[in-house]
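Every number here is computed from the coordinates shown, using simple stated rules; none is lab data. Note that the structure is a prediction, hence the values are computed from the model and not measured. Neighbour counts are summed over all protein chains in view; Cβ atoms, including those assigned to glycine, are modelled from backbone coordinates with ideal geometry.
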Amino acid sequence: MNTKSIHALLVTTLGLFALLAGLTACKQNASAPEAQKPASQQAPVLPTSPAAPAMPGSAPTQAAGIAWTVPTGWEVGPEHQMRVATYRIHAIAGDPEDAECAVYFFGTGQGGTVDANLDRWAHQFIGPDGQSPPAKIARQVVAGLKVSTLAVSGTYGGAGGMMGQQSAPKPNYRMRAAIIEAPQGLVFFKLTGPLNTVAAAENDFSSLLGSVHRQ
């Protein structure tokens, strides 16, 4: 073979090797598994905050078409039959028990007259001479509503409620009471308790009466 033939053969052989190498590489690339894409991550589900507990119920501050504001420091007492609400006033030092303010509404046209109730309340107290002590009665108008008030002190021999149940006599007691002629009937407020505790709460009682307004 001459030099030109040998050179042509080498070129052809090298070309064949290059072609085979290229085909092998393509086959390997075709058979190689596709790289797995990372799975998309979901945002973590955060636990929801627990619902706030319901506030405990409180005594109503409205009746018969009127509403009022309970003085700061007065606590809502237990429910009683025939009462709209009961508020407890803590005893001051030296007094044997707490005072309470009871609120009543019996319905339109019910509960008796204003004067009959004031007179009955006054006679629930006994003075040192065994007679009913003088009671201070006043009349005023609050937010266009007629309000009659009573203040009396002595030995309390009155009822445990508005229906005439008798209780043991309690010396050195005081009552501040009010009757409001509301749009739907009479609303009664009775603050009773040891003398000094009630006396200390009288400004609060007056504030309660001053807060009364039509609904």
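General remarks:
- Filter result for PRO71 (free of Cβ contacts under 8 Å to residues at least 60 places away in the same chain and not in a strand (DSSP E or B)): no
- In the range 175-198, the condition of being under 20 Å from VAL70 (Cβ atoms), out of contact with any Phe, Trp or Tyr (no Cβ under 7 Å at 6 or more places or on another chain) and free of Cβ contacts under 8 Å to residues at least 40 places away in the same chain is met by no residue.
- Pair list, Cβ under 7 Å, 6 or more apart: the range 116-145 residue among the hydrophobic types (A, V, I, L, M, F, W, C), other residue surrounded by fewer than 12 Cβ atoms within 10 Å (Cβ to Cβ): ALA143/ARG214
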